[in-house]
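> Take this structure, written in structure tokens, and hold onto it; I'll ask about it next.
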Amino acid sequence: MDVSILIVTYQSQDEILNCIGSIYKNIIDLDFEIIMIDNASTDRTIKLVKNQFPDVIIQENKKNEGFANANNAGAKIAKGEFLFFLNPDSIITD
């Protein structure tokens, strides 16, 4: 595994699908995993990602642990040689 892409979410249903879709569309010739760490969202973030991107690894926090703690939790389960921290409102382009 080359890269683990870590995305911390909280109430991110309006942005996350575009973010993850852009990763799959534009990252080529690189072995990667996507780890989404959700900080206890009450919107449809988790459900939308599970339905549209079943390969995404989802860490569901029971309470909002904060951005840094969520990234640390994702890093603990990451298998990539490198970690790429990405915000859910980011879009990867060619």
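The values are calculated or read from the model by the stated rules, or taken from the named source; none is laboratory data. Bear in mind that the values here come from a model prediction, so they are computed numbers and not experimental data. Backbone-built Cβ (ideal geometry, glycine too); neighbour counts: all protein chains shown. Surface accessibility is based on the protein's heavy atoms, side chains included, excluding ligands, DNA and RNA. Shrake-Rupley method; radii C 1.70, N 1.55, O 1.52, S 1.80 Å.
> For region 51-90, which whole-number percentage of the solvent-accessible area (1.4 Å probe, protein heavy atoms only) is attributable to carbon and sulfur atoms?
Working: 1390 of 2890 Å².
Ligands and nucleic acids excluded, carbon and sulfur reach 48 percent.
> Amide H to amide H, which residues 5 or more places from PHE84 or on other chains are under 5 Å from it, using H placed in the peptide plane?
Sorted by chain and number, the residues that satisfy this are SER4, ILE5, LEU6.
> With just the Cα atoms of the chain, tell me how far they stretch along each of the three principal axes, in Å, largest first.
Extents along the principal axes: 36, 26, 20 Å.
> May I pose another question? Defining a contact as two alpha carbons under 8 Å apart and six or more residues distant in sequence, what relative contact order in percent does the chain show?
Details: 176 pairs, mean separation 44.7, N = 94.
Relative contact order here is 48 percent.
> What is the Cα centroid distance between region 33-94 and region 1-28, reported in whole angstrom?
Measuring centre to centre over Cα atoms gives 8 Å.
> State, to one decimal in nm², a quarter of the convex hull surface area for the C-alpha atoms of region 37-76, i.e. the direction-averaged projected area. It would help to have the intermediate numbers written out before the result.
Values: hull surface 11.2 nm².
Projected area, direction-averaged: 2.8 nm².
> Just to confirm a number: summing +1 for Lys and Arg and -1 for Asp and Glu over residues other than ARG44 whose beta-carbon lies under 15 angstrom from that of ARG44, what do you get?
-3
> If amide H atoms are built 1.01 Å from N in the plane of the peptide, which residues on other chains or at least 5 residues away come under 5 Å of the amide H of ILE92?
Residues meeting the amide H criterion: SER22, ILE23.
> Using Stokes-Einstein with the Kirkwood hydrodynamic radius over Cα pairs, what translational diffusion coefficient do you get for region 10-64 at 20 °C and a viscosity of 1.002 mPa s, in µm²/s rounded to a whole number?
Numbers: Rh = 11.7 Å.
In µm²/s, the coefficient rounds to 183.
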